[in-house]
Amino acid sequence: MSKLFRIAVLISGRGSNLQAIIEGANGTYEVAAVISNNSEAAGLNYARAHHIPIAIVDRAEHATLSDAKLALLERIQDFAPDLVVLAGFMWVLPAAVVSALRGKLINIHPSLLPKFPGLDTHKRVLEAHEEEHGCTVHYVNEEVDGGPRIAQCAIQILEDDTEDILAGRVLETEHRLYPWVVEAIALGDITYTNGKVSMTAAGRERAAAVGFGVPGEVLKG
Ligand code: GRF
């Protein structure tokens with residue numbers, strides 16, 4: 001039996017994307033570890049329920065936050081993952097960590113990047129009277145929410161959308177997009193070379209079939 005593609009998922013809180021990624025694993029990848037900077041993160045319960053190894057990196061156990069972040073890199077490397085998946089992980093990673101994991105580190109962000117990097121995206125999108133919103137999965141580089149984009153899932157903003165309603169609707173798109181991207185990377189349909197993302201024709205076809213936008217193509221809702 002060939003070795004499954006191993007991912008480590010990093011979380012700080014709720015862990016609903018972790019849950020979607022665990023439930024989306026259908027024999028292409030395995031969640032080899034869940035790592036958190038918060039021992040109380042609710043999402044750790046999904047890891048426990050699925051008997052996935054957990055590692056905690058606690059800021060309080062290190063002299064400085066920078067030391068804690070370097071310890072995080074060591075914990076990640078202990079599991080030798082093929083891919084590191086940030087899913088609501090609330091530490092900005094320093095250049096040393098980003099550089100050690102370059103091309104193997106992805107994040108999901110609740111906006112159609114490059115629009116609305118940073119926090120409070122749903123509120124800002126409504127205030128800006130945008131017509132559409134959604135989520136983006138991207139490789140991580142040194143710029144927060146700025147790395148090469150892999151795929152996006154867009155939704156139309158509706159008249160009745162409040163910040164909370166929109167947050168829920170965008171979260172649903174995240175739960176569809178993130179496992180799909182992880183699987184596509186595991187299958188080799190998405191690759192990263194020198195800061196550029198490539199997708200095979202088969203990957204593009206599969207993306208189009210489920211309505212995901214990919215680099216260089218018009219977004220489909
Ligand atoms: C998601 O909205 C994700 O886009 C952002 O943090 C949130 C994490 O939610 N990066 P959850 O912990 O996966 O439920």
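The values are calculated or read from the model by the stated rules, or taken from the named source; none is laboratory data. If you're wondering where the values come from, they're calculated on a predicted model, not measured in any experiment. Here Cβ is always computed from backbone atoms with ideal geometry, including for glycine, and neighbour counts include all displayed protein chains.
What's the total number of residues in the range 103-147 that are among the charged types (D, E, K, R) and either buried (at least 23 other Cβ atoms within 10 Å of the Cβ) or touching a His at 6+ places or on another chain (Cβ under 7 Å) (or both)?
As a first pass, look at the range 103-147 and keep what is among the charged types (D, E, K, R): 104, 115, 120, 123-124, 127, 130-132, 142-143, 145.
Right, trim to either buried (at least 23 other Cβ atoms within 10 Å of the Cβ) or touching a His at 6+ places or on another chain (Cβ under 7 Å) (or both) and you get 145.
The number of residues fulfilling the criteria is 1.
Kindly check whether there is at least one residue in the range 134-142 that is in contact (Cβ under 8 Å) with a residue 60 or more places away in the chain, within 22 Å of Glu30 (Cα to Cα) and more than 11 Å from the ligand (Cβ to nearest atom).
Residues of the range 134-142 in contact (Cβ under 8 Å) with a residue 60 or more places away in the chain: 134.
Those left that are additionally within 22 Å of Glu30 (Cα to Cα): none.
Taking every residue of the range 134-142 in turn, none turns out to be in contact (Cβ under 8 Å) with a residue 60 or more places away in the chain, within 22 Å of Glu30 (Cα to Cα) and more than 11 Å from the ligand (Cβ to nearest atom).
Which residue is surrounded by the most Cβ atoms within 10 Å (Cβ to Cβ), if the candidates are limited to the range 1-20 and must be away from the ligand (no atom under 13 Å from the Cβ) and outside any loop (DSSP other than H, G, I, E, B)?
Within the range 1-20, the subset away from the ligand (no atom under 13 Å from the Cβ) is 1-8.
Now narrow it down to the ones that are outside any loop (DSSP other than H, G, I, E, B): 5-8.
Numbers: Phe5: 19, Arg6: 16, Ile7: 24, Ala8: 27.
Of everything passing the filter in the range 1-20, Ala8 is surrounded by the most Cβ atoms within 10 Å (Cβ to Cβ).
Taking the criterion of being more than 16 Å from the ligand (Cβ to nearest atom) and either of a type outside the set (Ser, Thr, Tyr) or in contact with a Lys or Arg (Cβ under 6 Å, 6 or more places away or on another chain) (or both), would at least one residue in the range 165-178 satisfy it?
At the first step, the residues of the range 165-178 found to be more than 16 Å from the ligand (Cβ to nearest atom) are none.
Checking the range 165-178: not a single residue is more than 16 Å from the ligand (Cβ to nearest atom) and either of a type outside the set (Ser, Thr, Tyr) or in contact with a Lys or Arg (Cβ under 6 Å, 6 or more places away or on another chain) (or both).
Please verify whether the range 21-40 includes one or more residues that are among the hydroxyl-bearing types (Ser, Thr, Tyr), touching a strand residue (DSSP E or B) at 6+ places or on another chain (Cβ under 6 Å) and crowded, with 21+ Cβ neighbours inside 10 Å. So that I can check it myself, show each step before the final result.
Step one: filter the range 21-40 for residues among the hydroxyl-bearing types (Ser, Thr, Tyr), giving 28-29, 36, 39.
Checking which are touching a strand residue (DSSP E or B) at 6+ places or on another chain (Cβ under 6 Å) leaves us with 29, 36, 39.
Okay, now just the ones that are also crowded, with 21+ Cβ neighbours inside 10 Å, so 29, 36.
Checked against the condition, which is being among the hydroxyl-bearing types (Ser, Thr, Tyr), touching a strand residue (DSSP E or B) at 6+ places or on another chain (Cβ under 6 Å) and crowded, with 21+ Cβ neighbours inside 10 Å, the range 21-40 yields at least one hit.
Considering the range 41-55 alone, what residues qualify as being more than 18 Å from the chain's Cα centre (by Cα) and touching a residue at least 40 places away in the same chain (Cβ under 8 Å)?
If the condition is that a residue be more than 18 Å from the chain's Cα centre (by Cα) and touching a residue at least 40 places away in the same chain (Cβ under 8 Å), then no residue fits.
Would you call Ala202 assigned to a helix (DSSP H, G or I) and in contact with a Phe, Trp or Tyr (Cβ under 7 Å, 6 or more places away or on another chain)? Break it down into steps so the answer makes sense when it comes.
Values: assigned to a helix (DSSP H, G or I): yes; in contact with a Phe, Trp or Tyr (Cβ under 7 Å, 6 or more places away or on another chain): no.
In short, no.
With away from the ligand (no atom under 12 Å from the Cβ), without any contact (Cβ under 8 Å) to a residue 40 or more places away in the chain, under 27 Å from Ala32 (Cβ atoms) and not aromatic (Phe, Trp, Tyr) as the only criterion, which of Leu158, Leu101 stands out? Before you say what the answer is, go through the steps one by one.
Values: Leu158 fails: under 27 Å from Ala32 (Cβ atoms).
Leu101 is the lone residue from the list that is away from the ligand (no atom under 12 Å from the Cβ), without any contact (Cβ under 8 Å) to a residue 40 or more places away in the chain, under 27 Å from Ala32 (Cβ atoms) and not aromatic (Phe, Trp, Tyr).
Among Ser111, Ser99, Ser66, which is within 20 Å of the chain's Cα centre (by Cα), farther than 28 Å from Arg176 by Cβ and either assigned to a strand (DSSP E or B) or not aliphatic (A, V, I, L, M) (or both)? Talk me through it step by step, then tell me what you get.
On the way: Ser111 fails: farther than 28 Å from Arg176 by Cβ; Ser66 fails: within 20 Å of the chain's Cα centre (by Cα).
Of the residues listed, the single one that is within 20 Å of the chain's Cα centre (by Cα), farther than 28 Å from Arg176 by Cβ and either assigned to a strand (DSSP E or B) or not aliphatic (A, V, I, L, M) (or both) is Ser99.
Does the range 155-164 include one or more residues that are within 27 Å of Val98 (Cα to Cα) and either in a loop (DSSP other than H, G, I, E, B) or touching a Phe, Trp or Tyr at 6+ places or on another chain (Cβ under 9 Å) (or both)? Walk me through how you get there before you give the answer.
Pass one, the range 155-164, residues within 27 Å of Val98 (Cα to Cα): none.
No - not one qualifying residue is present in the range 155-164.
Does Ile106 satisfy the criteria of being part of a strand (DSSP E or B), modelled with pLDDT of 95 or more, of a type in the set (A, V, I, L, M, F, W, C) and under 24 Å from Cys135 (Cα atoms)?
Working: part of a strand (DSSP E or B): yes; modelled with pLDDT of 95 or more: yes; of a type in the set (A, V, I, L, M, F, W, C): yes; under 24 Å from Cys135 (Cα atoms): yes.
So Ile106 fits the description; yes.
Say whether the condition of being modelled with pLDDT of 95 or more, among the aromatic types (Phe, Trp, Tyr) and either within 13 Å of the ligand (Cβ to nearest atom) or under 19 Å from Glu172 (Cβ atoms) (or both) is met by at least one residue in the range 37-54. Before the answer, list the steps.
As a first pass, look at the range 37-54 and keep what is modelled with pLDDT of 95 or more: 37-54.
Imposing the further condition that a residue be among the aromatic types (Phe, Trp, Tyr) reduces the set to 46.
Now restrict to residues that are either within 13 Å of the ligand (Cβ to nearest atom) or under 19 Å from Glu172 (Cβ atoms) (or both): 46.
Looking through the range 37-54, at least one residue is modelled with pLDDT of 95 or more, among the aromatic types (Phe, Trp, Tyr) and either within 13 Å of the ligand (Cβ to nearest atom) or under 19 Å from Glu172 (Cβ atoms) (or both).
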